1. The conditions are (1) crowded, with 24+ Cβ neighbours inside 10 Å; (2) more than 10 Å from chain B (Cβ to nearest Cβ), and residue A:3 fails exactly one of them. Which is it?
2. Which fully enclosed helices (runs of 4 or more DSSP H) of the stretch B:345-413 have 3 or more residues being assigned by TED's automatic domain parsing to the domain that holds residue B:316 and over 24 Å from the mean Cα position of the chain (by Cα)?
3. Any idea which of A:156, A:166, A:126 is part of a strand (DSSP E or B), among the charged types (D, E, K, R), farther than 17 Å from residue A:60 by Cα and at pLDDT below 95?
4. Restricting to the stretch B:218-276, what's the tally of residues that are over 28 Å from residue B:80 (Cβ atoms) and either part of a strand (DSSP E or B) or within 14 Å of chain A (Cβ to nearest Cβ) (or both)?
5. Just one of the numbered conditions (1) acidic (Asp, Glu); (2) more than 14 Å from chain A (Cβ to nearest Cβ); (3) in contact (Cβ under 8 Å) with a residue 12 or more places away in the chain is not true of residue B:214; which one?
6. Any residue at all in the stretch B:279-294 that's buried (at least 20 other Cβ atoms within 10 Å of the Cβ), charged (D, E, K, R), over 30 Å from residue B:106 (Cα atoms) and touching a helix residue (DSSP H, G or I) at 6+ places or on another chain (Cβ under 8 Å)?
7. Please go through the stretch B:65-78 and pick out each residue that is surrounded by 24 or more Cβ atoms within 10 Å (Cβ to Cβ) and closer than 26 Å to residue B:147 by Cβ.
Amino acid sequence: MQSSLRIVWIYPDLLSTYGDQGNVLVLEQRARRRGIPVEVVHVRSSDPVPEQGDVYLIGGGEDRPQILGAERLRRDGGLHRAIQRGASLLAVCAGYQIMGSVFGGEEGQPVPGIGLLDISSGRGERRSVGELAAEVHPSLGLPTLTGFENHMGVTRLGPGVTPLSRTLVGTGNGDGTEGCFAGKIIGTYLHGPALARNPALADLLLRWAVGPLPAIDDTWYERLRNERLGAVLKP
Amino acid sequence: MSQLPLRAQLASALGRTAATLSRATGRGDGSVIGGRVGLLLEPDLLRKLAHEKRLALVSATNGKTTTTRLIASALQELGEVATNAFGANMPAGHVSALSSNKAAPYGVLEVDEKYLPEVLDTTEAGVVVLMNLSRDQMDRAAEIWLLAQKWRRALAGRPAHVIANCDDPLVTWGASTAARVTWVAGGQRWHEDSWCCPECGGPLDRAEGIVNADWACRECTFSRPEPNWILDGEDAIDPYGHRWRLDLQLPGTANRSNAVIALATAAAFGLDPQRALPRLREVKSVAGRYTTVERDGRVMKLLLAKNPAGWLEAFDVTRPDRPIVLSVNAQGPDGRDTSWLWDVDYRILAGRRVYVTGERRLDLALRLDVAGVGFTLVDNFGQAVGALPPGDIDVIANYTAFQSIRTEFGRAV
């Protein structure tokens, strides 16, 4: 492994509309607090995606930037090569849909994705906007997922992926599940941002890259989680 | 007195009665309910009221209330002006504003970005003012690329004279179908929504660190138009090259930008800066924004910031030596998604005495923790003020948090 953990943020110029920068900042903070040196690379859509990263992040955005983002990732090929090398990836909302075989464009027309996840997405009847809570697949050993969703997408999971979670509140993929994972790739509709609301998910991405991690002070993360989960999961 | 048909006169009068009742019963400032009653009785009311006036519509993500106020103040030099001074910026608010001052020959209306095509279509306003577009309350607002597209369609084939900020590429694109545009280099500090060409999606090249730098698409011909008016530091430069020292009472770069836009708009009404500028300088506070309130020797400067671009502008007005109170809510008007807090660079507050409150204070607390900014969490605004010694305090709050502070400290404008 190289000397520092390299976090690669893909296309902030196209896909960072919903505070997704927070995922980058949270990963960086949680690595640094454990004494892990970090390098953060912002890759604009006019530049090639480096293959030598450890954790890749891609966020949400409008329809048109989503289509542009998918075209450029496919043409570039850097993300595919990084995943083949064993890098991990968190893809959120529009970025999540891009990872599949197809997603819905501005007028609902099918647009080809980049095929890193066995999913296909389309446009639903109405926009899903609001808090979401979901129980994470037991194999990942993570606490309840919390976040905010804001999308019109419906995502069908193929046999090559596992649902990330089962929704308690909210829409997610639209079939009672939210997000999915396969290997070291996680896809989710959640903003909030996802890693600020779910520090254990951030640590999972870090562990995939660097191995076991010591515990750190999670006071502010836990207080926010408790308040948000308390607001939507009434006893 | 009025050219309005009888039915429209009645609708307008009943609307005014409802507005008076709303104010008298303390339920609101009356600017929406009056218009709703009027519109219900006469759907064509806005069209009829508008046709009696020379109108300017003002739209943007940030600064539209302030700029509406500045333009209205300037045009008072020419005659009476009807305006929606309290930010009621949808058609009901417009009806209320125009019917409350039917004799006024001029109207200046703040218009919600989404409603601009509809309001332009109804009012056939002669002047349209477009300032900036950036991410804002994403859970309920339209996406901004889409919004700019709708502006383009609404302006195409109309005679309206558009005054637009050419330092904002998305606004430039939105305005460029208009028959006539006065371009204002008003600056753009928030660049995160304009890295890509709105025309073709290619990368936009621009000089870093300069607020009104030239920009151009690397892949197509879309580029910044030559500005007619320029904001240059403390000065406005008019189309003849004359410099005007702005000397506003309103603080900050964003307001100087608003003022240059207002001067360009006044000029479109035939009013020169010589006469317009003194009117702009009279404006001290706008619907409570930039106002100062005092309690027990604590002098609080109130700033409203609703989205990342707005926070950037608010930080520009605060002073590093003052303590600062931040308050964030996530009710309907604020947007229920607080993710945008992560788009704001709070590191500028490091080393300041920071108090955090509002209904979503825990979101803000974690945000500051990750940014490495020390802070004190308090249950409410009063607690923060009580914990601070007498002296100047900066306050930044988002929409409903701001309103609740204003309510507590009185509605003095």
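The values are calculated or read from the model by the stated rules, or taken from the named source; none is laboratory data. Remember, it's a predicted structure, so these values are computed and weren't measured experimentally. Positions of Cβ are generated from backbone atoms using ideal geometry, with glycine treated the same way; all protein chains shown enter the neighbour counts.
1. Of everything listed in (1) crowded, with 24+ Cβ neighbours inside 10 Å; (2) more than 10 Å from chain B (Cβ to nearest Cβ), residue A:3 misses just condition (1).
2. B:361-371, B:381-387
3. Answer to the check: A:126.
4. Of the residues in that region, 11 qualify.
5. Status for residue B:214: all satisfied but (3).
6. no
7. Hits for the stretch B:65-78 are B:66, B:67, B:68, B:69, B:70, B:71, B:72.
Yes/no matrix, rows are residues, columns are (1) modelled with pLDDT of 95 or more; (2) over 23 Å from the mean Cα position of the chain (by Cα); (3) surrounded by fewer than 18 Cβ atoms within 10 Å (Cβ to Cβ):
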| residue | (1), (2), (3) |
| --- | --- |
| B:176 | yes, no, no |
| B:199 | no, yes, yes |
| B:227 | yes, no, no |
| B:247 | yes, no, yes |
| B:251 | no, no, yes |
| B:258 | yes, no, no |
